[in-house]
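Structure record follows, encoded as structure tokens.
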Amino acid sequence: MNVEYFLRPGAVVAAVLLVAAMMAAGFCPASIDKLGRWLPRPARVAGPALLCVPYALVATSFGIFRWGWFAVYALLPVAIAFLLEQARSEDSGQRGNWRDFVVLLALGLAVDLRWLEPAWPHGLAALGKILLLDAGIFGFLVVRRLEGVGFDLRLTLRDLRRGLGEYCIYALIAIPLGLWLGFLHLHAILPSPLRAVGAFVFTFLFIAIPEELFFRGWLQNLLERRMGRTAALLLTAALFGLAHWNKRTLNFNWRYVVMAAIAGLFYGRAWRAQRRVGASAITHASVDTTWSLWLR
């Protein structure tokens with residue numbers, strides 16, 4: 001498939017809209033909080049229906065538009081906003097409402113089991129994941145106004161120190177263990193520094209940030225309010241590991257589950273130190289970049 005196939009105007013505009021929404025939330029957290037206080041309830045609940053627009057732009061460009069998928073992408077974000085609006089009304093102490101966990105379960109399964117990928121052209125399913133992430137961001141940050149998420153991409157030196165510190169500790173454990181399990185394999189050729197930097201930036205923005213926001217900023221954050229810091233850390237790490245059960249194989253990949261669960265402990269530690277998604281995303285991106293360039 002040539003490059004022009006992926007650079008159709010509809011796909012470019014949709015990608016810009018989806019990524020811009022994520023970046024705006026990450027770099028302007030105060031504005032997102034103000035938006036949640038300023039928007040009237042009908043707009044908070046119905047507004048996310050606009051997320052069907054990126055799907056329509058991409059699908060129309062590729063001639064695969066279906067009204068059924070259009071309805072899914074118009075109604076699912078609204079359902080998320082409605083549930084989280086109800087959760088906010090009934091759970092003013094933010095201890096976590098059953099509706100919070102229903103939303104997280106729906107988002108997690110939709111991504112992990114790839115329920116919605118058939119709606120997208122080959123090679124552009126990642127846009128569907130970012131769309132769901134934006135629905136979650138609007139729901140939890142604008143509608144629910146969940147505290148302590150730490151979705152602030154204005155990185156600080158403390159983020160770097162904590163993120164890289166947890167990465168170093170994890171590497172001391174994971175590399176020997178991964179080699180012993182046969183999960184890791186040393187590469188014969190080292191990548192260029194430019195490629196390594198590019199891989200880190202891409203991984204940080206499009207893999208680490210979405211996963212850390214979901215697992216640490218939302219899930220671990222809510223679980224802490226119900227079961228305490230240590231139990232929440234352990235359970236979130238276990239769930240993070242299980243989310244990798246079908247990665248790179250059609251069978252249960254237990255080695256991946258074990259390695260990811262251990263990694264989840266260190267990602268969780270990095271997040272909860274200052275409650276900053278940026279710190280855990282640095283750890284996550286460093287691990288994934290090292291693995292993909294030197295040890296996969």
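The values are calculated or read from the model by the stated rules, or taken from the named source; none is laboratory data. Predicted, not measured: the structure shown is a model, and the values here were computed from it. Note: ideal-geometry Cβ built from the backbone for every residue, glycine included; neighbour counts use all protein chains shown.
Data table
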{"item": "Asp152 in a loop (DSSP other than H, G, I, E, B) and at pLDDT 95 or above", "result": "yes"}
{"item": "Checklist (1) surrounded by fewer than 17 Cβ atoms within 10 Å (Cβ to Cβ); (2) farther than 30 Å from Gly93 by Cα; (3) of a type in the set (Val, Ile, Thr); (4) modelled with pLDDT of 95 or more applied to Ile189, failing item", "result": "(4)"}
{"item": "Out of Arg269, Arg229, sole residue that is touching a residue at least 60 places away in the same chain (Cβ under 8 Å) and either of a type in the set (Lys, Arg) or under 23 Å from Gly128 (Cβ atoms) (or both)", "result": "Arg269"}
{"item": "Unmet requirement for Gly148, which otherwise passes all of (1) without any contact (Cβ under 8 Å) to a residue 40 or more places away in the chain; (2) closer than 16 Å to Asn221 by Cβ; (3) of a type outside the set (Ser, Thr, Tyr); (4) not assigned by TED's automatic domain parsing to the domain that holds Lys34", "result": "(1)"}
{"item": "Wholly within region 36-133, helices (runs of 4 or more DSSP H) carrying at least 2 residues that are more than 21 Å from the chain's Cα centre (by Cα)", "result": "41-46, 52-62, 67-90"}
{"item": "From Thr230, Thr236, residue being among the hydroxyl-bearing types (Ser, Thr, Tyr), within 21 Å of the chain's Cα centre (by Cα) and not assigned by TED's automatic domain parsing to the domain that holds Leu131", "result": "Thr236"}
{"item": "Candidates Ala20, Ala49, Ala87 - the one that is of a type outside the set (Asp, Glu) and touching a Pro at 6+ places or on another chain (Cβ under 8 Å)", "result": "Ala49"}
